[in-house]
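**Q** Please see the structure below; I have some questions.
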Amino acid sequence: MAAIAAAEAGVRDVHILEATPEPLHKVLISGGGRCNVTHACWDPRALAGHYPRGTRALRGPFSRFAAGDAVGWFDDHGLELVQEADGRMFPRANRSTAVIEVLRRAAANAGVTLHTGVALKDAAVLPEGGFRLGLRVSGAEHAACSAPITCQRLVLATGSHPSGRRLAAQLGHGLVPPVPSLFTLALAKESLGELAGLVVDPVELELQVPPAEAGGLVERFRQVGPLLITHWGMSGPATLRLTAFAARALHAASYKVELTVRWSGGKDRAQLDALFTEARREQARRQLANWRPWPELPRRLWLYLLAQAGVDPSLRWADLSKAGQRQLVDALLGSRYRVSGRGPFGEEFVTAGGIPLGEVNLATMESRHCPGLHLVGELLDVDGITGGFNFQHCWTSGWLAGQALATI
Ligand SMILES: Cc1cc2nc3c(=O)[nH]c(=O)nc-3n(C[C@H](O)[C@H](O)[C@H](O)COP(=O)(O)OP(=O)(O)OC[C@H]3O[C@@H](n4cnc5c(N)ncnc54)[C@H](O)[C@@H]3O)c2cc1C
């Protein structure tokens, strides 16, 4: 995006150095092979709220190039994006190769030269300005490129690859240490395995993360949304959002924390008590196992909660004791589970951490430490929740860097 934006804005002699044989590998595998290009969130401020790292800082960049601009940009370049019910946007062709084709065609049309199998090994600032680049070339056909080359401006868009962080450090940048974000949670064995496969929507999840050092405060993170129970623990949008926002705190606690789940679908104690009282009156002769206090509460979950609360499911509603009701309401309002670690990753794999945003001018993506160097994409300490937000930040930061190159 940075290369295309620069070339389209009039910069001549734009080159992409790509270490692997094919560019855009992550686009290819993204979104389960469909590429979730962006999210139908049109307000820059609301968009920025989807980034656990970058919430405030991204308001500025998104006021210049946000999701609507990305949709328009791709449309202008021949790729129509369509919105799914949950707001995620995919190419109409429903395959990530359509995105790759459009980006490659746009780059070629704008006169960008792509060099594959050429890794940037080191970069040194030249006294007269610009950079001297040391390259590592794979494949005999590129042998001529292995000599150092120079460039006036350098955009690092190396994603989460360690070489990019090393290059940025060489050029004077610090690093927020990378930790995983957007993962599922593994629960202690005795937990929810018998409910595997169940989706409960909505639930409220709350993580209590103990302080890393004595005297610190317990950190709390809350999310509401659909929960998928798996044989190892918890997945689904609410879990992924929770782990994204709590990524650093969870890492510091070695992923050993306590999780409270509110199964009550947003109902408070008074509303639950009213429902139970009504059921005891109206469904007096029915067994607890056969009548759930509200229909959206999955039956398997209700039977599980009865067992957890030690209430006999064959009891008639009329015979439910006050104590039994209190235990059930307590279980619905806050069951506690022990998180034993990270579960397998979700569909998107992203790294929290990278080059601190304070070290970059977010209007141009230019380094504050090294004039002429621009840093974009996942290399920066920005990450979004699942839903197309991670690519959106890449389109935005790439576009801003490309525009800036043209205004020198
Ligand atoms: C399985 C998976 C699915 C995902 N799905 C989605 C999704 O649907 N929607 C979404 O928004 N996000 C998704 N993401 C996240 C998204 O892919 C990343 O946020 C995004 O690709 C980051 O883009 P980038 O350009 O910063 O880095 P990358 O896409 O990682 O690109 C960096 C490029 O630089 C090259 N490179 C690295 N170092 C060097 C070097 N020293 N010299 C030369 N070349 C180098 C790499 O080979 C690579 O081609 C997904 C991620 C994964 C892993």
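**Q** Distance between Cα centroids, segment 48-95 to segment 317-388: provide it in whole Å.
**A** When both Cα centres are located, 19 Å separates them.
**Q** Would you mind telling me which residue in 120, 154, 297 has the biggest mean-square fluctuation in a Gaussian network model of the chain, where springs connect alpha carbons within a distance under 10 angstrom?
**A** For the chain, modelled as a Gaussian network with Cα springs under 10 Å, the answer is 297.
**Q** Can you give me the angle between helix 322-333 and the longest principal axis of the chain, using Cα atoms only, in degrees from 0 to 90, rounded to the nearest 10?
**A** Once rounded, one gets 10 degrees.
**Q** Here is a further query. Taking the 0 to 90 degree range and rounding to the nearest ten, how far is the long axis of helix 389-406 tilted relative to the main principal axis of the chain, both from C-alpha atoms?
**A** Compared with the principal axis, the helix lies near 20 degrees.
**Q** On a full-extension model of 0.36 nm per residue, what is the gain between residue 188 and residue 170, subtracting their alpha-carbon distance, rounded to one decimal in nm?
**A** Full-extension gain reported as 2.2 nm.
**Q** Taking residue 189 as the anchor, which lysines have their alpha carbon closer than 27 Å to its alpha carbon, excluding any fewer than eight residues away along the same chain?
**A** List returned: 256.
**Q** A further question follows. Computed FRET efficiency, Cβ-Cβ of residue 308 and residue 214, R0 25 Å: what is it to the nearest 0.05?
**A** On the way: r = 34 Å, r/R0 = 1.35.
It comes to 0.15.
**Q** Still on this structure, please answer the following. Using only Cα atoms and rounding to the nearest 10 degrees, what angle (0 to 90) does helix 299-308 make with the longest principal axis of the chain?
**A** The angle comes out near 70 degrees.
**Q** Here's a follow-up. Using label points projected 7 Å from each Cα along Cα→Cβ, tell me how many nm separate residue 64 and residue 132, to one decimal.
**A** 3.1
**Q** List every residue whose amide H lies under 5 Å from the amide H of residue 265, counting only residues 5 or more places away in sequence or on a different chain, with H placed 1.01 Å from N in the peptide plane.
**A** 204
**Q** Work out how much length residue 75 to residue 161 would gain on full extension: take 0.36 nm times their residue separation and subtract the Cα-Cα distance, in nm to one decimal. Intermediate values should be presented prior to the final figure.
**A** Details: separation 86, 0.36 × 86 = 30.96 nm, distance 3.00 nm.
The residue 75-residue 161 span can extend by a further 28.0 nm.
**Q** Of 52, 224, 164, which is farthest along the charge dipole of the chain in the positive direction, counting Lys and Arg as +1 and Asp and Glu as -1 at C-beta?
**A** Positive-most Cα among the choices belongs to 224.
**Q** With the dipole of the chain worked out from charges on the C-beta (+1 for Lys and Arg, -1 for Asp and Glu) around the Cα centre, which of 260, 91, 321 lies farthest toward the positive end?
**A** Positive-most Cα among the choices belongs to 321.
**Q** If you take the charge dipole of the chain about its Cα centre, with +1 on Lys and Arg Cβ and -1 on Asp and Glu Cβ, which of 109, 129, 373 is farthest toward its positive end?
**A** Result: 373.
**Q** Please state the charge dipole magnitude for the chain, taken about the Cα centre, from unit charges on C-beta atoms (+1 on K and R, -1 on D and E), reported in debye and rounded to the nearest 20.
**A** About 960 debye.
**Q** Hey, another quick one. If I stretch the segment between residue 179 and residue 97 completely, what's the gain in nm (0.36 nm per residue apart, minus their alpha carbon distance), one decimal?
**A** Separation in residues times 0.36 nm, less the Cα-Cα distance, equals 26.6 nm.
**Q** Would you mind classifying the chain by shape? Square roots of the alpha carbon gyration tensor eigenvalues, ordered a ≥ b ≥ c; an a/c under 1.5 is rounded, otherwise it is prolate if a/b is larger than b/c and oblate if not.
**A** prolate
**Q** Go through segment 225-241 residue by residue and turn each phi into a ³J(HN,Hα) via Karplus (6.51, -1.76, 1.60, θ = phi - 60°); whole Hz please, and just put x for glycine and proline.
**A** x, x, 10, 9, 8, 10, 6, 9, x, 10, 9, x, x, 5, 5, 5, 5
**Q** In the Gaussian network model of the chain, springs joining C-alpha atoms below 10 Å, which of 255, 304, 337 carries the largest mean-square fluctuation?
**A** Looking only at 255, 304, 337, the largest GNM fluctuation is found for 304.
**Q** With a Förster radius of 41 Å, plug the Cβ-Cβ distance of residue 322 and residue 42 into 1/(1 + (r/R0)^6) and report the FRET value to the nearest 0.05.
**A** Efficiency, from the Cβ-Cβ distance: 0.20.
**Q** Quick one: among 389, 349, 62, which has the greatest mean-square fluctuation in a GNM of the chain with alpha-carbon springs under 10 angstrom?
**A** The residue that fluctuates most here is 349.
**Q** Now for a separate question. Among the lysines, which fall within straight-line cross-link reach of residue 121, defined as a Cα-Cα distance under 26 Å, with same-chain neighbours fewer than 8 residues apart omitted?
**A** Filter leaves 26.
**Q** For a Förster distance of 22 Å, can you work out the FRET efficiency between the beta-carbons of residue 254 and residue 336, rounded to the nearest 0.05? Kindly include the intermediate steps, with their values, before the conclusion.
**A** Details: r = 19 Å, r/R0 = 0.85.
The pair residue 254/residue 336 has a calculated efficiency of 0.75.
**Q** What is the set of long-range amide H partners of residue 134 at a cut-off below 5 Å, with H atoms built 1.01 Å from backbone N?
**A** 121, 122, 123, 124
**Q** Amide H of residue 236 versus every other amide H placed in the peptide plane: which residues, excluding those fewer than 5 positions away on the same chain, fall under 5 Å?
**A** Excluding prolines and chain starts, which carry no amide H, the hits are 228.
**Q** How many nm is it between the label spots at residue 13 and residue 270, if each spot is 7 Å from the Cα in line with the beta carbon?
**A** With each label placed 7 Å out from Cα toward Cβ, I get 7.3 nm.
**Q** Here is a follow-up. Determine ³J(HN,Hα), in whole Hz, for all residues of segment 368-375 in sequence, where each value follows from phi through the Karplus function 6.51 cos²θ - 1.76 cosθ + 1.60 and θ = phi - 60°; x replaces Gly and Pro.
**A** 7, 9, 9, x, x, 9, 10, 10
**Q** Same structure, new question: Label points 7 Å out from Cα along the Cβ direction at residue 113 and residue 222: separation in nm?
**A** Taking the two extended label points, one gets 5.7 nm.
Read the figures in this text as sums done on the coordinates, not as results from a lab. Small disclaimer: the values here were computed from a predicted structure and weren't measured. We place every Cβ from the backbone using ideal geometry, glycine too, and count neighbours over all the protein chains shown.
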